[in-house]
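The values are calculated or read from the model by the stated rules, or taken from the named source; none is laboratory data. This is a predicted model, so every value here is computed, not measured. Positions of Cβ are backbone-derived with ideal geometry, glycine not excepted, and every protein chain shown enters the neighbour counts. Ligands, DNA and RNA are stripped out before the accessible areas are found, and what is left, the full protein with its side chains, is counted by its heavy atoms. Shrake-Rupley method; radii C 1.70, N 1.55, O 1.52, S 1.80 Å.
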Amino acid sequence: MTAGPEAGRPAVFLDRDGTMIEDVGYLDSLDRIAFFPWTVDAIRALNRAGLPVVVITNQSGIARGLFTEAFVDDTHRDMSARLAAGGARVDAYYYCPHHPDGTVESYTRRCDCRKPGRGLVDRAARDLGLDPARSFVVGDRWLDVELGHAVGASGILVRSGSGAAEEARRPTDVAANAVVDNLAAAASWILIRIGDCHPQSAIRDPQC
Ligand SMILES: [Mg+2]
Ligand SMILES: [Zn+2]
């Protein structure tokens, strides 16, 4: 099997709220950012395996006028600083600012980037040279799993955040590749999947 010019690296696409940090509803101030106790270690483990870690998050609070894009950027800078203090790194953050029922006109529309739409994953894949079909999507809602399947990735539901409640009301047409307690367990599941491969070859070898 020869890799075409479109072939990219596998990656881990992470939901933010309820998966990396507590879901506090619309997060609108930096002092409300609360990492789960396992988040830094889990992301560092993915980093060490050579897997790009990309956050994919719906932030309709922007369309609803609750906070600005600049605030979301500040939030992600703050998160990255806290991750860096623990030796962990998110490679890129992508968010959807839209909602069909927003109050801020410029963000009020249907879009292809609000999850489970695949627009953000496609953008990240182009920007970073990733192959979604060999990748993993981790989140606490079925829409995260749906996104995974839409792009040909493995979809993993975590029980943190809304995940336990979501697990109890699975839509009949969606099944996760794995349902696990939290991001630490999801990282272990992913590392086992790529475990037959050296971290560097996991990036190059389509079999990994
Ligand atoms: Mg979530
Ligand atoms: Zn959007």
Within the bounds of segment 46-54, is there any residue that is away from ligand 1 (no atom under 14 Å from the Cβ), under 21 Å from L143 (Cβ atoms) and part of a strand (DSSP E or B)?
yes
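Could you tell me which residue of segment 152-169 is farthest from A42 (Cα to Cα), considering only residues that are hydrophobic (A, V, I, L, M, F, W, C) and either in contact with a His (Cβ under 9 Å, 6 or more places away or on another chain) or within 12 Å of ligand 1 (Cβ to nearest atom) (or both)?
Checked segment 152-169; the qualifying residue farthest from A42 (Cα to Cα) is A165.
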With the condition kept exactly as written, say whether any residue in segment 73-85 is away from ligand 1 (no atom under 16 Å from the Cβ), among the aliphatic types (A, V, I, L, M) and open to solvent by less than 40 Å² (accessible area, probe 1.4 Å).
yes
Within segment 85-121, can you find the residues that are within 11 Å of ligand 2 (Cβ to nearest atom), hydrophobic (A, V, I, L, M, F, W, C) and part of a loop (DSSP other than H, G, I, E, B)?
C111, C113
Among the numbered criteria (1) more than 18 Å from N182 (Cα to Cα); (2) open to solvent by 50 Å² or more (accessible area, probe 1.4 Å), which one does R44 miss?
(1)
Enumeration of residues in segment 138-160 that are open to solvent by 50 Å² or more (accessible area, probe 1.4 Å) and closer than 22 Å to C113 by Cβ
R141, E146, H149, A150
